[in-house]
Amino acid sequence: MKNFRKMAILLLLAVAGFYACSEGERFGISSDDTTPPAPPVFDSVQRLPGGARFFYKIPDDEDLISIEASFTSETTGKVIKSAVSLYAKSLELWGFADTTEHVVQLYAVDRAGNKSSNAVNVPPVKPLEPAFTKVAESLTVKPAFAALMLDWENDLQQNISIYVDLSYSLNGSPRSVRQAISSRKRVDRQFIKDLDIPATEPVKVQVTVADAYGNESKAYDMGTLNVMRDSMLNKKLWTLPVPGTEIGVDSLGRAVYMSNGSMGMGKNECIIDGILENDGVNIAINVAEFNGTWNVEKMVDGVPTLIDVNNRPPYNAFNVLVDLGAYYEISRITTHQKWTYAYPWECKLDNHGWFYEYSNVQIYRVYWLDGDKDTGVWRLINEVFIEKPTDMSELEMMLQGIKGDEAFMYPDDPKYTPRTRYFRYEAIERFRRDYASPGLLSEITLFGRKAQVQTP
């Protein structure tokens with residue numbers, strides 16, 4: 001009985017192996033099948049921006065594997081292809097550089113790699129305007145502080161590259177610089193930063209937009225711009241009020257107080273001491289824990305409201321009120337997050353640690369005080385949302401966190417604030433988004449210039 005069972009199993013394995021080999025020979029790429037499949041039967045075409053969608057009927061061929069389309073780009077001379085499985089009802093082909101007529105080949109492919117003849121009756125295709133030219137036409141460039149600000153729209157969210165060519169003179173010598181920016185966001189804003197160009201030196205700007213298929217727009221002349229200049233404010237002049245000290249009122253006429261971050265590992269003064277927690281020094285103390293007890297509120301539909309989520313303590317909006325020591329016009333802010341927990345051995349250089357995670361501040365507001373500290377009114381400048389990087393490696397995210405997150409006071413139209421002596425930073429929400437507390441912070445750095453008209 002056992003011998004019979006063994007023989008039956010061996011026989012089944014042999015038969016299965018035979019058919020497997022037969023199927024492999026029948027459908028393998030290296031098989032002897034040299035007969036091309038019948039071509040697909042063209043039905044209709046739908047115009048797309050920079051592309052086309054083809055509808056067809058598949059041929060009756062038992063080893064058919066895919067339907068493919070291709071055309072030769074007049075811009076690059078390359079053949080651009082697209083393929084779908086035999087089960088797809090349509091095929092999309094992208095990469096057309098303009099809206100003129102293009103000749104497209106539509107064919108079937110079998111498992112042996114044979115292609116059908118090119119006898120398919122596909123009329124010339126006239127695509128709609130491609131994404132890269134639409135992006136180029138929507139793009140604007142504005143001067144910013146030590147930077148240029150670029151805005152554009154990309155409705156199709158296709159991968160595009162923007163090449164920015166700058167021409168200017170530096171110390172009497174002509175300079176030409178090209179920088180590249182990549183994106184696929186529907187609406188995007190990016191900066192060319194760290195431009196060491198005097199504000200008096202005009203910069204000629206040209207932009208070119210390219211897509212992933214090698215197509216490139218014409219060079220668009222964006223005019224001649226002047227980069228705006230500012231400088232880091234001197235923190236040695238700054239002072240912080242004692243927690244609970246009232247300075248000014250909000251837009252509703254209610255008093256605003258300095259919050260208490262000097263709890264646990266936190267100390268208020270560490271926020272402006274110029275020492276970054278993420279440099280491996282003073283890891284345990286150079287951070288403020290935002291557990292303020294004077295502003296326990298969150299803005300809901302513009303109204304400050306006490307919140308208790310899942311029976312946790314109320315949300316604590318944390319205010320840092322800074323006496324700048326003199327009157328300034330503020331241009332931008334850089335915030336530094338907490339990198340590690342509390343002990344040096346928890347600092348791992350091979351990952352981004354706490355950056356863009358956990359209890360670090362993700363949403364904050366900035367204000368300037370209109371008037372003196374006793375009767376002045378706090379004016380909202382901007383609400384900043386720090387995006388967590390999604391296209392960076394662990395190392396790149398760590399380096400970005402160490403560099404800090406920069407925000408302009410007026411991001412849509414970079415300029416200085418009105419003159420003020422008092423600045424307010426209000427932490428609203430942390431990355432964890434649990435409303436338990438607004439988060440942790442390592443350092444605040446401000447940029448700007450001395451007020452043009454000083455007040456005694």
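The values are calculated or read from the model by the stated rules, or taken from the named source; none is laboratory data. Just so you know, these numbers come straight off a predicted model, no measurement behind them. No Cβ is skipped: glycine too gets one built from the backbone with ideal geometry, and neighbour counts run over all protein chains shown. Surface accessibility is based on the protein's heavy atoms, side chains included, excluding ligands, DNA and RNA. Shrake-Rupley method; radii C 1.70, N 1.55, O 1.52, S 1.80 Å.
One residue stands out among those in segment 91-105 that are open to solvent by less than 30 Å² (accessible area, probe 1.4 Å) and not in a loop (DSSP other than H, G, I, E, B): the one that is farthest from D61 (Cα to Cα), which is H102. Hey, does segment 109-119 have a residue that's modelled with pLDDT under 95, within 30 Å of P40 (Cβ to Cβ), touching a Lys or Arg at 6+ places or on another chain (Cβ under 7 Å) and not in a loop (DSSP other than H, G, I, E, B)? Yes, that holds for at least one residue. Has segment 231-251 got any residue that is out of contact with any strand residue (DSSP E or B) (no Cβ under 9 Å at 6 or more places or on another chain) and either under 30 Å from E269 (Cβ atoms) or surrounded by fewer than 18 Cβ atoms within 10 Å (Cβ to Cβ) (or both)? Within segment 231-251 (the criterion being out of contact with any strand residue (DSSP E or B) (no Cβ under 9 Å at 6 or more places or on another chain) and either under 30 Å from E269 (Cβ atoms) or surrounded by fewer than 18 Cβ atoms within 10 Å (Cβ to Cβ) (or both)), the answer is yes, since at least one residue qualifies. For T200, the conditions (1) among the polar types (S, T, N, Q); (2) under 30 Å from A97 (Cβ atoms); (3) not in a strand (DSSP E or B) are fulfilled apart from (2). Taken over segment 164-193, the residue count meeting the criterion of being within 29 Å of E92 (Cα to Cα) and open to solvent by 60 Å² or more (accessible area, probe 1.4 Å) is 6. Can you find a residue in segment 394-411 that is aliphatic (A, V, I, L, M), more than 28 Å from P143 (Cβ to Cβ) and either in a loop (DSSP other than H, G, I, E, B) or at pLDDT 85 or above (or both)? Among the residues of segment 394-411, not one is aliphatic (A, V, I, L, M), more than 28 Å from P143 (Cβ to Cβ) and either in a loop (DSSP other than H, G, I, E, B) or at pLDDT 85 or above (or both), which makes the answer no. Counting only residues that are open to solvent by less than 10 Å² (accessible area, probe 1.4 Å) and part of a strand (DSSP E or B), which one in segment 130-154 is nearest to E101 (Cα to Cα)? This residue is W152. Inspection of segment 43-53 finds no residue satisfying the criterion of being surrounded by 13 or more Cβ atoms within 10 Å (Cβ to Cβ) and over 30 Å from I160 (Cβ atoms). When residues in segment 365-381 are screened for being open to solvent by 40 Å² or more (accessible area, probe 1.4 Å), part of a strand (DSSP E or B) and either of a type in the set (D, E, K, R) or closer than 21 Å to Q400 by Cβ (or both), 2 of them pass.
Whether a residue is surrounded by 14 or more Cβ atoms within 10 Å (Cβ to Cβ) and farther than 23 Å from I160 by Cα was assessed, and A83 does not pass this test.
With at negative phi, open to solvent by 30 Å² or more (accessible area, probe 1.4 Å), touching a Ser or Thr at 6+ places or on another chain (Cβ under 9 Å) and modelled with pLDDT under 90 as the only criterion, which of E68, E25, E62 stands out?
That would be E25, the only listed residue that is at negative phi, open to solvent by 30 Å² or more (accessible area, probe 1.4 Å), touching a Ser or Thr at 6+ places or on another chain (Cβ under 9 Å) and modelled with pLDDT under 90.
The residues of segment 382-396 that are hydroxyl-bearing (S, T, Y) and either over 14 Å from the mean Cα position of the chain (by Cα) or open to solvent by less than 100 Å² (accessible area, probe 1.4 Å) (or both) amount to a single one, S393.
Within segment 133-147, how many residues turn out to be hydrophobic (A, V, I, L, M, F, W, C), closer than 12 Å to I192 by Cα and touching a Leu at 6+ places or on another chain (Cβ under 7 Å)? Looking only at that region, the number is 3.
Going by what's in this entry, would E426 be described as assigned to a strand (DSSP E or B), among the acidic types (D, E) and surrounded by fewer than 17 Cβ atoms within 10 Å (Cβ to Cβ)? No: the conditions fail for E426.
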